[in-house]
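Peer 1: Dropping the structure in here first, questions after.
The values are calculated or read from the model by the stated rules, or taken from the named source; none is laboratory data. Owing to the predicted nature of the structure, the values given are computational and were not obtained by experimental measurement. Using ideal geometry, Cβ is built from the backbone for each residue, glycine included, and neighbour counts are taken over all protein chains shown. In case anyone asks, the SASA skips ligands and DNA or RNA and just uses the protein heavy atoms, side chains included. Shrake-Rupley method; radii C 1.70, N 1.55, O 1.52, S 1.80 Å.
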Amino acid sequence: MHPTFAPFPATRLRRMRRTPALRALAQENALGLGDLIWPVFVRDGVNTRDQIASMPGVERLSVDLVVKAAEMAAGLGIPAICLFPYTDPALKTADCREAWNPDNLANRAIRAIKAAVPDIAVMTDVALDPYNLHGHDGLVQDGIILNDETVEALVKMTLAQAEAGADILGPSDMMDGRIGAMRAALEGAGHKDVAILSYAAKYASAFYGPFRDAVGATGALKGDKKTYQMNPANSDEALRLVARDLAEGADMVMVKPGMPYLDICRRVKDAFSAPTYAYQVSGEYAMIRGAALNGWIDGEKAMLESLMCFKRAGCDGILTYFAPDVARLIRAGL
Ligand code: PBG
């Protein structure tokens, strides 16, 4: 037994749970506005929004409305917004060239937000899947996802996003060597202060389903992403990936999905003491929101509990579609 643990009845752990005041004093972790990164979906058009059926309450927004959303988020005290473009299927090609078009949807949204709401940090997605005829995060040849050729494409995408004014780049592709290549390119082009939040431990997960609907990748994707995303059975491998990405120049690292992978968050935080984030992904959002809409759980309580658990697991922050909802609750004193 722990040396400071006097036996019952000297120790009654319920004493510190008796009242809200005592519980507040004994509370070990806290969820704050500064923990939130809000992922949003961007579409073409003006003053246009569509609902995403598998993510009730989440919409794709045209650039002008994304700017308004960023203003709202900044007003709530949310420090960062993360952009995911829904690309016109006509622009998807095998070489994914739209990914590094300086005027593509994502880059236009970055510029518009930085012009109107300079204080909010803009994070991006660095991966080819929104632009890829094949729906994969990398270039595909004869059914193989090419690594090194993809890294070259990601570097072009990196520079276009940095040029547009992105604060944080989020490589979500899981190619080997991309962090070092991106970091070198950023240094070389004078973008020395652009941060990289590496999707370092990203698992091949069924919980991404609603997201693929949201970015229009569901129909395009043939097969699965198991040759580049991680096996959910693995844990030591996550530590190797995080060590590698930090050594190549990542400023922050991510574990994704979130809720089924809290053990990985804890191991990563303990092993590296680096800024560690979790992505509470679309399927996790859909489960909580869907159950709440059916009256099966208390949606507000489940949302807050799920986010607090990321803090308990050692995360410095969470990417969550609940960000505005939870920010309002935090501001109201929970
Ligand atoms: C792809 C990407 C995915 C997500 C973020 N970036 C899906 C995938 O890997 O297929 C998932 C996010 C979510 O489910 O909320 N580059």
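Peer 1: List the residue pairs whose Cβ atoms are under 8 Å apart, where the first residue sits in segment 129-140 and is more than 11 Å from the ligand (Cβ to nearest atom), the second is of a type in the set (G, A, S) and open to solvent by less than 10 Å² (accessible area, probe 1.4 Å), and the two are 6 or more positions apart or on different chains.
Peer 2: Every condition considered, the pairs that remain are L139/A153.
Peer 1: Here's another thing I want to ask about it. Has segment 145-162 got at least one residue that is in contact with a Cys (Cβ under 7 Å, 6 or more places away or on another chain), over 30 Å from R328 (Cα atoms), buried (at least 23 other Cβ atoms within 10 Å of the Cβ) and not hydroxyl-bearing (S, T, Y)?
Peer 2: yes
Peer 1: With respect to L329, is the statement that it is over 18 Å from L197 (Cβ atoms), touching a residue at least 12 places away in the same chain (Cβ under 8 Å), open to solvent by 20 Å² or more (accessible area, probe 1.4 Å) and not in a helix (DSSP H, G or I) true?
Peer 2: Taking the combined requirement at face value, the residue does not satisfy it.
Peer 1: What number of residues within segment 262-305 are of a type outside the set (A, V, I, L, M, F, W, C), open to solvent by 30 Å² or more (accessible area, probe 1.4 Å), within 16 Å of the ligand (Cβ to nearest atom) and in a helix (DSSP H, G or I)?
Peer 2: Summing the residues that are of a type outside the set (A, V, I, L, M, F, W, C), open to solvent by 30 Å² or more (accessible area, probe 1.4 Å), within 16 Å of the ligand (Cβ to nearest atom) and in a helix (DSSP H, G or I) in segment 262-305 gives 1.
Peer 1: Among helices (runs of 4 or more DSSP H) lying entirely in segment 122-227, which contain 1 or more residues that are at pLDDT 95 or above, touching a Lys or Arg at 6+ places or on another chain (Cβ under 6 Å) and over 23 Å from Y285 (Cα atoms)?
Peer 2: 148-164
Peer 1: Working carefully through the options I113, I52, I81, find the one that is crowded, with 23+ Cβ neighbours inside 10 Å and either in contact with a His (Cβ under 9 Å, 6 or more places away or on another chain) or closer than 23 Å to R289 by Cα (or both).
Peer 2: It is I81.
Peer 1: Pick from segment 192-205 the residues that are of a type outside the set (K, R) and within 10 Å of the ligand (Cβ to nearest atom): which of them is surrounded by the fewest Cβ atoms within 10 Å (Cβ to Cβ)?
Peer 2: My answer is A204.
Peer 1: From D88, D103, D119, D176, grab the single residue that is within 30 Å of P232 (Cα to Cα), among the acidic types (D, E) and surrounded by fewer than 24 Cβ atoms within 10 Å (Cβ to Cβ).
Peer 2: D176
Peer 1: Further question: How many residues are under 22 Å from I145 (Cβ atoms), within 13 Å of the ligand (Cβ to nearest atom) and open to solvent by 60 Å² or more (accessible area, probe 1.4 Å) if we restrict to segment 223-261?
Peer 2: 4
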